[in-house]
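The values are calculated or read from the model by the stated rules, or taken from the named source; none is laboratory data. Keep in mind it's a predicted model, so treat the numbers as computed, not measured. Because the Cβ atoms are built from the backbone with ideal geometry, glycine has one as well, and the counts that use them run over all protein chains shown. These area figures cover heavy atoms from the full protein model, side chains too; ligands, DNA and RNA do not enter into them. Shrake-Rupley method; radii C 1.70, N 1.55, O 1.52, S 1.80 Å.
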Amino acid sequence: MKIRYLCSAVVVAAGLLAGCSGGGTNASGGTVVGVDYPRSDTDFWNAYIKYVPQFAGQDGFELKTTNSQNDVATLTANVQTMISQGVKGVVMAPQDTAAIIPTLQQLAGKKIPVVSVDTRPDQGEVYMVVRADNRAYGEKACRFLGTKLGGAGKVVMLQGDLASINGRDRTEAFNDCMKQNFPGITVFGEATNWDANTAAQKLQTRLTANPDIKGVYMQSSFALAGTLQLLKQRGLLVPATDPKHVFIVSNDGIPEELAKIRAGEMDATVSQPADLFAKYALQYVKDAIAGKKPVPGKTDHDSTIVAVRDGLMEDQLAAPLVTADGATFGPVASVKVDDKSLWGNSKS
């Protein structure tokens with residue numbers, strides 16, 4: 001992987017200029033790294049959990065893993081355990097991006113670098129954020145639905161959690177795009193806290209009050225099963241050629257979403273790269289332990305490292321819109337659902 005780095009003065013002074021190598025190891029020679037999985041109740045995060053040990057083995061890490069199950073108090077406790085286990089770096093995906101700040105401060109005080117996956121903490125010291133441009137997720141979903149609906153009608157946006165930077169980014173971008181480009185479309189925003197049951201209940205209420213809804217934007221695949229079941233019960237899970245069709249766009253790119261697009265039961269998704277989240281999170285924690293300092297710019301893996309605020313870098317990985325035919329929607333191009341580059345089509 002070719003990313004531009006600068007070796008810190010501390011590293012050079014320590015005599016580690018060649019490759020900026022270094023970092024603590026365990027008795028067997030492998031660097032001990034902690035990885036907290038944010039949850040295991042979605043196909044996307046279960047895929048990420050599968051990829052982490054694969055890439056950790058390539059990087060020579062000994063892993064200490066925990067699962068915070070979408071609870072910041074549990075994440076805080078898990079980090080205390082990791083510290084007691086002597087980890088030299090931590091990878092996490094905090095779902096509450098404000099409440100995690102004290103934990104980040106503690107890790108910074110102990111000189112333990114942190115890489116944040118998928119979410120960007122509101123404050124605090126993080127070596128690198130590995131995520132895709134979540135505002136682009138909302139923009140792509142808006143362009144798809146706005147085009148399919150011809151700029152008129154009603155859509156429901158099943159939001160994630162507005163305590164999360166991801167929920168805020170996707171929501172704000174979708175709303176801004178609709179107001180600017182498709183003012184004839186009414187958007188019903190429904191906060192769900194990334195909870196499937198809440199999403200299904202709120203969608204049912206909206207469909208009862210507005211049976212002419214023609215589009216659904218799910219900010220994550222957590223809402224997939226409930227949405228499809230509800231539309232089927234109402235006789236709305238029909239081909240796109242049927243006037244009753246409700247257009248569905250999601251975020252994640254899990255194998256089930258791709259299968260549903262092929263079957264004509266949903267229309268599009270934005271593919272978050274679960275495999276690359278794991279790969280580059282571990283790569284960056286390795287670099288952090290070695291004393292490398294990233295700088296903004298293009299990478300060799302089709303992404304850009306940007307400075308999102310003073311002292312915080314974010315590697316914004318590619319996340320394409322996926323459709324059955326690979327059509328273009330305004331300025332947004334899509335890739336065909338059978339594209340072999342999509343992690344959701346991987347057999348590994």
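Structure notes:
- Hits in segment 159-197 - residues which are under 28 Å from Ala99 (Cβ atoms), in contact with a strand residue (DSSP E or B) (Cβ under 8 Å, 6 or more places away or on another chain) and hydroxyl-bearing (Ser, Thr, Tyr): Thr171, Thr192
- Number of positions in segment 214-248 that are closer than 26 Å to Asp161 by Cα, among the β-branched types (Val, Ile, Thr) and either in contact with a Cys (Cβ under 9 Å, 6 or more places away or on another chain) or without any contact (Cβ under 8 Å) to a residue 60 or more places away in the chain (or both): 2
- Residue list for segment 100-118, restricted to those being touching a residue at least 12 places away in the same chain (Cβ under 8 Å) and either open to solvent by 40 Å² or more (accessible area, probe 1.4 Å) or in a strand (DSSP E or B) (or both): Pro102, Gln105, Gln106, Lys110, Val114, Val115, Ser116, Val117
- Residues of segment 192-216 that turn out to be over 22 Å from Asp43 (Cβ atoms) and open to solvent by 40 Å² or more (accessible area, probe 1.4 Å), as a count: 8
- Among the residues examined, Val10 qualifies as modelled with pLDDT under 95, on the phi < 0 side of the Ramachandran plot, among the aliphatic types (A, V, I, L, M) and in a helix (DSSP H, G or I).
- The residue that is most open to solvent (accessible area, probe 1.4 Å), among those in segment 119-140 that are under 15 Å from Ser220 (Cα atoms) and touching a helix residue (DSSP H, G or I) at 6+ places or on another chain (Cβ under 6 Å), is Arg135.
- The residues of segment 124-139 that are more than 22 Å from Pro320 (Cα to Cα) and charged (D, E, K, R) amount to a single one, Glu125.
- Taken together, the residues in segment 38-92 that are in contact (Cβ under 8 Å) with a residue 60 or more places away in the chain and β-branched (Val, Ile, Thr) amount to 4.
- The one condition in (1) at pLDDT 95 or above; (2) buried (at least 16 other Cβ atoms within 10 Å of the Cβ); (3) not small (Gly, Ala, Ser) that Gln180 fails to fulfil: (2)
- Subset of segment 290-348 that is in contact (Cβ under 8 Å) with a residue 12 or more places away in the chain, in a loop (DSSP other than H, G, I, E, B) and of a type in the set (D, E, K, R) - its residue that is most open to solvent (accessible area, probe 1.4 Å): Asp302
- Subset of segment 217-266 [assigned to a loop (DSSP other than H, G, I, E, B), under 23 Å from Arg170 (Cβ atoms) and either open to solvent by 20 Å² or more (accessible area, probe 1.4 Å) or among the hydroxyl-bearing types (Ser, Thr, Tyr) (or both)]: Ser220, Glu265
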